[in-house]
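Presented below is the structure to which this report refers.
The values are calculated or read from the model by the stated rules, or taken from the named source; none is laboratory data. What you see is a predicted model, and the numbers here were worked out from it, not measured in a lab. Here the Cβ positions follow ideal geometry from the backbone for every residue, glycine too, while neighbour counts run over all protein chains shown.
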Amino acid sequence: MPGHRSKSEKHDDGEKQLRRDPYEVLGVSRNSMDQEIKTAYRKMALKYHPDKNANDPKAADMFKEVTFSYNILSDPDKRRQYDSAGFEAVESDNQELELDLSSLGAVNTMFAALFSKLGVPIKTTVSASILEEALNGLVTIRPLPLGHYVSKRVEKQCAHFYSVTITEEEARAGFVCRVQSSDKSKFKLLYFDQEDNGGLSLALQEDSAKTGKITTAGMYFLGFPVYRLDQTMNSIAAAKDPDTSFFRKLDGFQPCELNELKAGTHVFAVYGDNFFKSANYTIEALCAAPLSEEKENLRSIEAQILSKRAEVSKFEAEYREVLAQFSEMTSRYAHEIQSIDELLKHRNEIHASYTITPFKRSTSKSRSKSSSKENKEDGQTREKRSTRDRPKKKKWYNLHLRVDKRKAC
């Protein structure tokens, strides 16, 4: 079946190149299991890593293409989307890259440490130099007896290798390798496949996670499917939306690549994943034969988690529908409150125009006019009354003079 191709943003001699099929880039088939894809990616990433190919732009481009392809095929959802609709269905802008801290400068390392401290999920990868030394058989391997533990301190971006030998009976009973750090150091627990040439290739990787007052990482080979929980996926969802965080909480619950180990010698390593300081740790290897009850409890609880994940997936559709209805009702509720308040406000304004401002003005004017008229009329009436009631006084020019006509003047 031909692979999906789309135009790349890069140019070569003025012509746009086609983005290659991720399966073609990694050299795997479409039916490949997760472990095959992971193994192919690690070999190619080690081959084209910038640390080994300084000043080689072709190797740098190939490394980016390999990483981009692996980011699609390592995610079950994105792989399914790509298989059904090609690159268009994959959000390439949101692809997460794993940082190699050993290749970062001091400034970039400080920024990465700061973001990690602030809660920004940053995935890191094992140093290319460590993987190359392991592949070439140049690492020191210490024996780790079953039922014993070893406490050490590993420097940043360095690794301590341990070999564990198990019998046929112990392999059937199950095997567990666990690492913990009481001072909450950040580390990785690694498992390596042994190559025909005597070298070691990285097969499994578990990042440490906080568990109470310590950090732990473990690998469980119990003969039945066991699962790991990738906290990074939920951290990214939580940063976007609390509801999405809840419904995506179990998306990172994925099956481990290996369920059992065969009899023989197996190699594990503890890798110091801190940004600046070394990591204190204690590693132990256990046979699961005395832990039959714990094995059944683990199988039961993980089955319940898978059932709950399917249940929550169905519940999400119902929740989103009810939430949409609730949001619609809430919006309508707010609209109705606003509408009623506006109507009442308009009604009060109309009442005010009739009963407060105009009435005061007309009343005061009419009262002033009537009072002035009444005062004027009262004044005139009082004046008339006073004029009538006052006795008439003779004026000097109306004096009646008696004149004796008999006397001559």
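Selection of segment 275-320 for residues being in contact with a strand residue (DSSP E or B) (Cβ under 7 Å, 6 or more places away or on another chain), closer than 26 Å to residue 246 by Cβ and of a type in the set (Phe, Trp, Tyr) yields an empty set. In the set (1) surrounded by fewer than 17 Cβ atoms within 10 Å (Cβ to Cβ); (2) within 13 Å of residue 23 (Cα to Cα); (3) touching a residue at least 40 places away in the same chain (Cβ under 8 Å), the condition left unmet by residue 35 is number (2). Of the residues making up segment 277-309, those that are at pLDDT below 90 and loosely packed, with under 11 Cβ neighbours inside 10 Å number 0. Looking across segment 129-156, the residues that are closer than 18 Å to residue 182 by Cα and among the hydrophobic types (A, V, I, L, M, F, W, C) come down to 150, 154. For segment 138-176, a tally of residues being surrounded by 14 or more Cβ atoms within 10 Å (Cβ to Cβ) and either aliphatic (A, V, I, L, M) or in a loop (DSSP other than H, G, I, E, B) (or both) returns 15.
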